[in-house]
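Reading through the structure tokens given below for one structure.
The values are calculated or read from the model by the stated rules, or taken from the named source; none is laboratory data. Model, not experiment: these values are computed from the prediction. Note that each Cβ is placed from the backbone with ideal geometry, even for glycine, and that neighbours are counted across all protein chains shown.
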Amino acid sequence: MPDLAWGTLSREDAGSTRRTRGLGLGSAVRQMNDLAVPGLGGLWFARPLQWSLLGIHLGRRLGHRPAEVANAIEALACWHALSTPGVGRDARIGGRTKLSRHGARFVPYRQASRRTFYVTVPMRQGMVQPLRALGLVTGGSQRFNSYELTEQGEGLMWAACGDLRAFKRDIPSALEVWVAGGDGKINVPGMRDALSPLVPFPAAAASLLRELLLTGEGGDRRKALAAWLPTVDSPVSWQGPVPGLDDEHQQDLREGARFFQLRDAALAVLDAVEIGMRQASTQRLALPEAAAQAREPIARVRAAATLFLEPARDPTGGVAGSFAEGCVHGDDVVVLRFLVERDGRGLRLADDQVRPGVAFRTDGATSQADGDPITPESQDLAAWLPAGTSGRVRNLKSLLDDLGRSR
């Protein structure tokens, strides 16, 4: 059965279906994440930036769509990682199931560039914001295919490839032959070491990317967090002073954490109702019956909404605040009606009954509110940070740790 898990962008095998239970909060989620760690997007280790830069560089040279080229290079990189002896499961490797079917045989570009070859949501899609925020591309829109590399982007691309070669060609030149339809000598150690998500950046590339992270658009907040994160070794509270973080940044982190707790509590209400729906013989519940089954989750979402509204400051321009208001006003039936109407995908309303939506889950899985990976590098940090803290904070720590592994 297709995977209908709720959540944000993820690395999943192509052929599955990823849907978002957004509750109309997409803009608020983006704003809260940007206030926490500006410009980071989906970046949590360095290699996806390199794959994106190579895709833009080669797409422009050969007249291909840069997104298509970048996706194919990402697939090639993960294919190489899977061929590494003794490799286990690793969040840096996408498309494990599908790529494993191809073994070690040569993969031509025309195959690697197909939508069905790799994953439905490549890591490249999370690179749009950092490419722009770090000054690696020109182009004012969100369209990846419109980008061209800046001098900094060119510099990082070449630095990330290092002095590795695929036989007698440098890495971009070998990939160019491959994209144009030739062999390109892609199945060689030099290509694997230049692209694999398991191989850290060369020291020069790591130094350059670290410098870009601590400067440029949003650099002040990233720099403050980068200085503070390595010192975290005990539970943190956003209520008291945090060394190195200014009051406004800390307030944004606190309100963001409260907002994400509210969102997660709302998803838990809908999960509870879905459980009841699966148990109902007619797969429909009257609103009062559904509200009774979700009484405890509704109480928790009401408490989370009250906490979010307490500071009377909404950095999302009212999007988060109006959602919180809908979670506190009225009795349980009113609150549930509000949440189901906000959903409309997994659950929907018809004649004052809750019924399955087009993306209703029948397998019992619960909603995933956050697609950010918990990596070994960020596991301890996740335990120390307040509940609901933007996943970008631990992702920044993972990225900095990845750059620290440079060779």
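Would you point out the residue of region 127-141, among those that are over 24 Å from L396 (Cβ atoms) and of a type in the set (G, A, S), that is surrounded by the most Cβ atoms within 10 Å (Cβ to Cβ)?
Applying the first criterion (over 24 Å from L396 (Cβ atoms)) to region 127-141 yields 138-141.
Add one more test, that the residue is of a type in the set (G, A, S), and what stays is 139-141.
Values: G139: 16, G140: 7, S141: 10.
The qualifying residue surrounded by the most Cβ atoms within 10 Å (Cβ to Cβ) is G139.
Evaluation of R110 against the conditions (1) surrounded by fewer than 20 Cβ atoms within 10 Å (Cβ to Cβ); (2) in a loop (DSSP other than H, G, I, E, B); (3) not polar (S, T, N, Q) shows that the sole unmet condition is (2).
Being of a type in the set (A, V, I, L, M) and surrounded by fewer than 17 Cβ atoms within 10 Å (Cβ to Cβ) is the filter here, so list the residues in region 178-187 that pass it. Can you show your working first?
Narrowing region 178-187 to residues of a type in the set (A, V, I, L, M): 179-180, 186.
Within region 178-187, just A180 meets the criteria.
When region 115-160 is filtered for residues that are under 22 Å from the mean Cα position of the chain (by Cα), farther than 20 Å from G42 by Cα and of a type outside the set (A, V, I, L, M, F, W, C), the ones remaining, listed by number, are R115, T116. Anything in region 140-157 that is touching a Lys or Arg at 6+ places or on another chain (Cβ under 9 Å), more than 18 Å from G216 (Cα to Cα) and modelled with pLDDT under 95? List them, or say none. If the condition is that a residue be touching a Lys or Arg at 6+ places or on another chain (Cβ under 9 Å), more than 18 Å from G216 (Cα to Cα) and modelled with pLDDT under 95, then Q142, F144, N145 are the ones that fit.
Of all residues assigned to region 214-231, none qualifies as being over 22 Å from G42 (Cα atoms) and either at pLDDT 95 or above or touching a Ser or Thr at 6+ places or on another chain (Cβ under 8 Å) (or both). Which residues, counting only those in region 131-155, are more than 20 Å from P172 (Cβ to Cβ), out of contact with any Pro (no Cβ under 9 Å at 6 or more places or on another chain) and in a helix (DSSP H, G or I)? Listed by number, the list holds a single entry, R132.
So, in region 55-103, exactly how many residues are of a type in the set (V, I, T) and surrounded by 21 or more Cβ atoms within 10 Å (Cβ to Cβ)? It would help to see each step written out before you state the result.
Kept after step one, since they are of a type in the set (V, I, T), are these residues of region 55-103: 56, 69, 73, 84, 87, 93, 97.
Subset that is surrounded by 21 or more Cβ atoms within 10 Å (Cβ to Cβ): 56, 69, 73, 93.
Here the count works out to 4.
Given the criteria surrounded by fewer than 19 Cβ atoms within 10 Å (Cβ to Cβ), touching a Gly at 6+ places or on another chain (Cβ under 9 Å), basic (K, R) and more than 19 Å from V29 (Cα to Cα), does R284 qualify? Taking the combined requirement at face value, the residue does not satisfy it. Going by the conditions given, is A324 buried (at least 17 other Cβ atoms within 10 Å of the Cβ), among the small types (G, A, S) and within 24 Å of A387 (Cα to Cα)? Yes; evaluated as a whole, the condition is true for this residue. Applying the condition of being out of contact with any helix residue (DSSP H, G or I) (no Cβ under 8 Å at 6 or more places or on another chain) and within 19 Å of V69 (Cα to Cα) to region 142-157 and asking which residue is surrounded by the most Cβ atoms within 10 Å (Cβ to Cβ) yields T150. When region 339-373 is filtered for residues that are part of a loop (DSSP other than H, G, I, E, B) and at pLDDT 75 or above, the ones remaining, listed by number, are G344, R345, G346, D351, D352, G357, V358, A359, F360. Do the conditions hold for L336, that is, is it within 17 Å of R21 (Cβ to Cβ) and of a type in the set (A, V, I, L, M, F, W, C)? Taking the combined requirement at face value, the residue satisfies it.
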